[in-house]
Structures are given as C-alpha cells and as structure tokens.
1. For residue 235, all conditions in the list (1) in a strand (DSSP E or B); (2) modelled with pLDDT under 90; (3) of a type in the set (S, T, N, Q) hold save one; what is the number of the exception?
2. Can you tell which of 290, 286, 260 is more than 28 Å from the chain's Cα centre (by Cα), at pLDDT 95 or above, part of a helix (DSSP H, G or I) and over 14 Å from residue 242 (Cα atoms)?
3. If I go through the range 213-232 residue by residue, how many of them are of a type outside the set (Ser, Thr, Tyr), assigned to a strand (DSSP E or B) and more than 16 Å from the ligand (Cβ to nearest atom)?
4. If I filter the range 54-63 for residues that are touching a residue at least 60 places away in the same chain (Cβ under 8 Å), surrounded by fewer than 22 Cβ atoms within 10 Å (Cβ to Cβ) and over 22 Å from residue 195 (Cβ atoms), do I get at least one hit?
5. Output the number of the condition that residue 25 fails; it satisfies all remaining conditions of (1) in contact (Cβ under 8 Å) with a residue 24 or more places away in the chain; (2) within 15 Å of the ligand (Cβ to nearest atom); (3) of a type outside the set (Phe, Trp, Tyr); (4) loosely packed, with under 15 Cβ neighbours inside 10 Å.
6. Just checking, how many residues over the range 169-190 are in contact (Cβ under 8 Å) with a residue 60 or more places away in the chain and at positive phi?
7. What number of residues within the range 165-202 satisfy the criterion of being of a type in the set (Ser, Thr, Tyr), surrounded by 22 or more Cβ atoms within 10 Å (Cβ to Cβ) and away from the ligand (no atom under 13 Å from the Cβ)?
8. Just need a number here: residues in the range 121-139 that are loosely packed, with under 14 Cβ neighbours inside 10 Å and outside any helix (DSSP H, G or I).
Amino acid sequence: MALNGTYGRNVTVIETESLTKRYPRVTALDRLTMGIAPGVTGLVGANGAGKSTLIKILLGLAPATEGTASVLGLDVRTHGAQIRAGVGYMPEHDCLPPDVSATEFVVHMARMSGLPPTVARERTADTLRHVGLYEERYRPMGGYSTGMKQRVKLAQALVHDPRLVLLDEPTNGLDPVGRDEMLGLIRRVWTDFGISVLVTSHLLGELERTSDHIVVIDGGKLLRSSSTREFTQATASLAVEVTDSDRHPDGTRATLDALVAAGLTAQADGHRLLVDIADESTYDIVRDAVAGLGLGLIRMEQRRHRIAELFTDRDAAARPRPMEGGGRDAA
Ligand SMILES: Nc1ncnc2c1ncn2[C@@H]1O[C@H](COP(=O)(O)OP(=O)(O)OP(=O)(O)O)[C@@H](O)[C@H]1O
C-alpha cells in the first residue's frame, strides 16, 4: 500500500549515524550507525541493550547526545511531529485504560492522529478485525487477556495507516501460541499492507521467521546487521551419518578423515559429521568419499544454523553478557 508504491527497495526507512545517548550513569547507545530498508526488521538485544532508547529517539521523544538519525527521510531533531504522524508506535508496557473498550480506545487514538470521526470509526473496525478482535472489542479492556491487550496496542499503532510501525517487545508476556500468532500478524502488517516494521525482542531466536533483516545490539553498540537469510545460511552445514563396516569399525572417523583429505571442513558430533557447505560440489564429494570407503550413507541433510546458535557459537566469547533466553527460544 503506501510504502510499496513510493519507496524502492534500496531506500532506507530508518538511518542512524554515530547515534549516541548518554545518561549520567550509562551509555545507552554508543555510536550506532545503521540503515534499515522497507520490510520487517528485527531489533534484537538483551534487556538494557538500548532498544527502547533507540525507539524514543527515532520518534523524536528523546534527544540524542551525539550523532544523527532520520526516519522516512525526516531528521528526528527537527521533524518529530511529522515523524509521529507517519509512524505507529506500540509501547512495551501496558498502557491501556481498563475502563474503556478497545473500540473506544482505538477510535480515540485515531482521532488524536487527526482522522475525522467517521473515518476513525471505520479504520478502527477494520484494524481491530485485522488483529483478530471481534465481539470482545466492545468490552472494557480491564478484563482482557495479555494477548488481547497486545493486539489492541498493535491496532492503535496501525489505525492511522502509517508507513512504518515501531513495535517494542510485542510478544512480551505471551505464551508460545500467542507469540506465534502475534509474529504472524506482524509479518502480515508488511505483506498485506506494505507498512514497514521495526520490531524489538530480547529473545535472539524469536524474530528470524518474521523478519527480512536482523539488527543485533548489545550495550548500545551494533553487534551485527544483515539479512535474516545471511544470518542463517552463511554457515549452512551438512549433517552426515554413515554406517560402520568390518574394515572401518568407526565409519564416522574414517569418513571425517576422507573429507578433510578431500579439502572439506568437517567435524564429528557424536555419530554425526557436520560438514561446511563450500558449494554445490560438497554433496558429491561427501557421496564419493562414503562410497569410496565402502560405507553406507544413512543420512545427509542440509542443516541451517539458527540465529541463536550463531551467536552462541561465535560471539559468546566476545560478548560481555549472554543474551537472555537465546538458546531456549531458538529450538
Ligand atoms: N531515562 C533514563 N535515565 C537513565 N538511564 C536510562 C534511562 N532510560 C534507559 N536508561 C538506561 O539505558 C540503558 C538502555 O535502556 P533501554 O530501556 O533502552 O534498553 P532496552 O534494550 O529497551 O531494554 P528493556 O527491554 O529492558 O527496556 C539501560 O542501562 C537503562 O537502565
């Protein structure tokens, strides 16, 4: 819709340059430089990494100490009001008045964004339907489940048809089913409506199915920024299992030696070999090596690393503290 028509793939919706935010006791953002393209971007970082601070600066609600940032091409220092008109925001914490219904609340937010009364009511009905709130929308929100409250918060961020929404920890407090539903909804905000999304999470493995791009920050610093595909495919490997034989009682070991001799990078993981996929020829080299040893091939399948594994493997040593929940939620 709005964004698809007017923005090319190469245009950034958010750009920061050496963005720094210092509080008296802590540097919440530390020379953060990044560009975010249209689509769904996951902003991942442990609690305290600086995600909420970044969102507040992007909305023009808090000043940066140094550096620059722009949203939809507008400078956050000078165009805060315009940015807030074109951007939806879903805050992290519960902010819903318990005595009013979802419909009343979202209509109110639509009116605050400048929509006329009739349009506000129509957009509210459409948006609440989109997030899956039906007859409950007329009940006071104090009686809503966490999942329903999160949906209302998402609806109020979308109701004025923004070009971009900033969603701060939208899956907080949800059970696994509720979380999957929320992530599905978020994906459709982009695919169905062309509204770009920046969604934060402190769980490293959570956003990889939802996001086109992942940005990881830690201690206010940019740790990594790349497409989700690059994250998960850069280290794709083949899991290989072979039989033993009289001649090769440890078939796994014999195969490992043969693969290394053939120039591949591989390691044993119990009875399984994990072979780095250099290119398409890797499959043939493995097949030929196993056949050459006279062993049977039990299994050979591509195994994509998940984001959480990448960080556990590669960055654990470099990181000052572990990402919360990364391992648990990657499975
Ligand atoms: N108004 C403030 N005054 C002083 N320090 C602050 C303020 N807001 C945030 N901080 C500090 O800045 C750091 C980054 O906080 P921020 O809320 O941006 O992190 P976060 O990644 O959003 O984590 P969380 O999900 O826990 O909110 C933290 O150390 C936090 O204590």
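The values are calculated or read from the model by the stated rules, or taken from the named source; none is laboratory data. Source: prediction; values computed, not measured. Neighbour counts run over all protein chains shown; Cβ positions are idealised from the backbone, glycine included.
1. (1)
2. Checking each option against the conditions leaves just 260.
3. So in the range 213-232, the residues of a type outside the set (Ser, Thr, Tyr) come out as 213-224, 229-231.
Retained after the next criterion (residues that are assigned to a strand (DSSP E or B)): 213-218, 221-224.
Subsequent filtering for residues that are more than 16 Å from the ligand (Cβ to nearest atom) retains 213.
Number of matching residues: 1.
4. no
5. (1)
6. Selection size over the range 169-190: 1.
7. 1
8. 1
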